[in-house]
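Scroll down for the structure; my scribbles are underneath it.
Each value in this text was obtained by applying a stated rule to the coordinates, not by laboratory testing. Everything numeric here is computed off the predicted structure, so don't read it as measured data.
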Amino acid sequence: MAKQPSSSSEANELERLRDILYGERVRSIESRLDEIEQRITRNTMEMNRRIDHEVEELEKRLDSLNKRFDERLLALQTQQSADLKSQVGHLTERLEQESAQQTHALEQARAALQQETADFRAEIQAWRAHMGQMVSALGQAWTENHPAD
């Protein structure tokens, strides 16, 4: 009788035959998978580097824009402040001129009123004097027309 090979030696033999038949192909696939994995890793690293660089550039640009915005805002605030001060100065000047004109007009009105008052008083005194003369003349005429009895 012939000896039957043991199952473990058969399994080893089958494994060896598979390695002979498919080993090169499996190693080739594994090699390709390793290369693909390495390329993916390199590409991922490169993309991360580029993204980081773009983010840094965008941050720099944003900082620059913020700085320019702040400068323009400050310039506008300064200009508006200067414009407001100028307008306040012009309004103050106009108010002072108007006040001076009003004061002058009031002084003229006061002087005219004082003059009219003085003229009216002079007329009243003249009228009183005239009335006194008339009363005196009437009294004399009465005395002459009506002698004392």
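Scalar couplings 3J(HN,Hα) for segment 131-140, obtained by applying the Karplus form with A = 6.51, B = -1.76, C = 1.60 to θ = phi - 60°, are 5, x, 5, 5, 5, 5, 5, 5, x, 5 Hz; x denotes Gly and Pro. The structure-derived value of Kirkwood radius over Cα pairs in Å appears in the list [x] 17.2; [y] 16.4; [z] 29.9 under the label [z].
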